[in-house]
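Trainee: Before I ask anything, let me first share the structure, which is written out below as structure tokens.
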Amino acid sequence: MKQFIRRLSWKVELAIVLTLAFGWTLPSTLRALLAPATITHRAAPPISDVGVWAVVLQELILLSLLLPFLRTRGWTLARLGIRPSWKGCLQGFLLAVTSYALYFLLAELVMSVWPAVASALGHTNLVRGGFSWSTVLVASTVNPFYEEVFVCGYLISVLTEQ
């Protein structure tokens, strides 16, 4: 089986990784794009503590499947670009703060120029209250790691190498 996996082309590898890592989000994303009222006109907001735990569990399961697959294909943590450092953490923190600041400035600008957007956002409630600290901590650790491994680490590396 390992020899079969090693002989796969990089394109097949890419399709397997992206389909498993992100394909499960496609149906709900398409539903939200094609019928946004199904998200905004619910009795209760769709994002809950239990829902976040479900996503974390799904990401951990997929990590446990995909990392051995990638290891068999010759991927290492270094090849994925996973080299944590204090300098990188500081740069990431500054990038996050700058990104959020620009996002909020842009949102304020759009809402001041287009009041209908402000009204729509005011009536859209996607997140239920009452998240536990454990949910926030675990989701804030697992989800970014998962996304960085497969988007920045894998996808960018595989496309750069080709």
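The values are calculated or read from the model by the stated rules, or taken from the named source; none is laboratory data. Only a predicted model underlies this, so the values are computations on that prediction, with no experimental measurement involved. Every residue, glycine among them, receives a Cβ derived from its backbone with ideal geometry; neighbour counts consider all protein chains shown. The protein model used for the area step is the full one, side chains on, heavy atoms only, and it has no ligands, DNA or RNA in it. Shrake-Rupley method; radii C 1.70, N 1.55, O 1.52, S 1.80 Å.
Trainee: Between Val127 and Leu90, 0.36 nm times their residue separation minus their Cα-Cα distance comes to what?
Mentor: Full extension from Val127 to Leu90 adds 10.4 nm.
Trainee: Then there's this: Can you pull the one-decimal nm distance between simple spin-label points at Leu14 and Leu159, each 7 Å off the Cα toward Cβ?
Mentor: Roughly 0.8 nm, to one decimal.
Trainee: Give me the accessible area per residue for region 105-162, probe 1.4 Å, as a whole number in Å².
Mentor: On a per-residue basis, 69 Å².
Trainee: Right, here's the next one. Quick one: if you stick a label point 7 Å off each Cα along the C-beta vector at Ser119 and Asp49, how many nm between them?
Mentor: Result for the modelled spin labels: 3.6 nm.
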